[in-house]
């Protein structure tokens with residue numbers, strides 16, 4: 001994702017939001033030379049998308065936001081242990097500790 005001279009438009013925010021839903025972690029390259037303007041833009045992106053800042057190095061910003069369905073997936077997973085392949089190569093029940 002790259003933000004150019006037009007700045008942070010509604011279309012760019014929507015594209016960032018779609019990328020966060022699809023990937024959770026994204027990099028955004030900001031093509032603004034002024035450091036203070038870049039910092040303000042980084043804060044605005046976070047406020048408008050609800051994504052946490054992962055990193056900021058020069059003109060590159062990393063943003064992270066968990067997928068909405070990821071929270072539901074964690075709740076649906078059972079606490080059972082995965083099957084461990086046995087000597088025959090077939091999955092067998094995991095041994096209890």
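Listed values, structure above:
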read-out	value
Theoretical gain in end-to-end length, residue 64 to residue 48 [0.36 nm per residue, Cα-Cα removed]	4.4 nm
P(r) tail fraction, segment 2-68 - alpha-carbon pairs more than 17 Å apart, %	31 percent
Added length on full extension, which subtracts the Cα-Cα distance from 0.36 nm per residue, residue 10 to residue 37	7.9 nm
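Laboratory data are not the source of any read-out in this text; all were calculated from the coordinates shown. Computed from a predicted structure; not experimentally measured.
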